């Protein structure tokens, strides 16, 4: 068999598997539903936050504007001088890993150095929050790696 024909058959076979795989279909359905939900969010002076806890890092998580996709979210350092972050308020750092919040506050315009990741992140001044859900759909390509606080991997949402 010619290499091009064999490659074409392999691609078609893999594409056929993806279309009939119930797990793949479930992920796709959840993603479509999440994107539809995002499109229907009310505009306003707030953010949607996803806690992204990693044991070795001090950033808080991702923030995006309502109606904007997760790919536009920024990984932030939370300034808690006016309001404690939810997990710190509970007295258990990271207990809210992957929870989703409605977040109130504003960016200070400053960037903060986080030494463990050797990165600079925008500072967000937290003034309030409301819990949206403790079990939101995944926003990461590798949910297992993103959700594991012990893994030293920083994954952006997609």
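The values are calculated or read from the model by the stated rules, or taken from the named source; none is laboratory data. The structure presented is a predicted model; accordingly, all values stated were derived computationally and were not measured. As a convention, Cβ positions derive from the backbone with ideal geometry for all residues, glycine included, and neighbour counts pool all protein chains shown.
Pairs are defined by a Cβ separation below 9 Å, a sequence spacing of at least 6 or placement on different chains, a first member in the stretch 127-139 that is at pLDDT 95 or above, and a second member that is assigned to a strand (DSSP E or B) and surrounded by fewer than 16 Cβ atoms within 10 Å (Cβ to Cβ); the pairs so defined are 127/106. For residue 80, state whether it is over 28 Å from residue 37 (Cβ atoms), surrounded by 12 or more Cβ atoms within 10 Å (Cβ to Cβ) and in contact with a helix residue (DSSP H, G or I) (Cβ under 7 Å, 6 or more places away or on another chain). So residue 80 passes the test. Report whether or not residue 41 is more than 20 Å from residue 145 (Cβ to Cβ), at pLDDT below 95 and outside any helix (DSSP H, G or I). Judged against the criteria, residue 41 is a match. When we screen 97, 79 for residues that are more than 18 Å from residue 143 (Cα to Cα) and touching a residue at least 40 places away in the same chain (Cβ under 8 Å), the only hit is 79.
Could you tell me whether the stretch 103-125 includes any residue that is assigned to a loop (DSSP other than H, G, I, E, B) and under 17 Å from the mean Cα position of the chain (by Cα)? No, there is no match, as no residue in the stretch 103-125 is assigned to a loop (DSSP other than H, G, I, E, B) and under 17 Å from the mean Cα position of the chain (by Cα). Against the condition outside the structural domain of residue 81 (by TED's automatic domain parsing) and either over 18 Å from the mean Cα position of the chain (by Cα) or part of a loop (DSSP other than H, G, I, E, B) (or both), how does residue 157 come out, does it pass? For residue 157, the condition - outside the structural domain of residue 81 (by TED's automatic domain parsing) and either over 18 Å from the mean Cα position of the chain (by Cα) or part of a loop (DSSP other than H, G, I, E, B) (or both) - is met.
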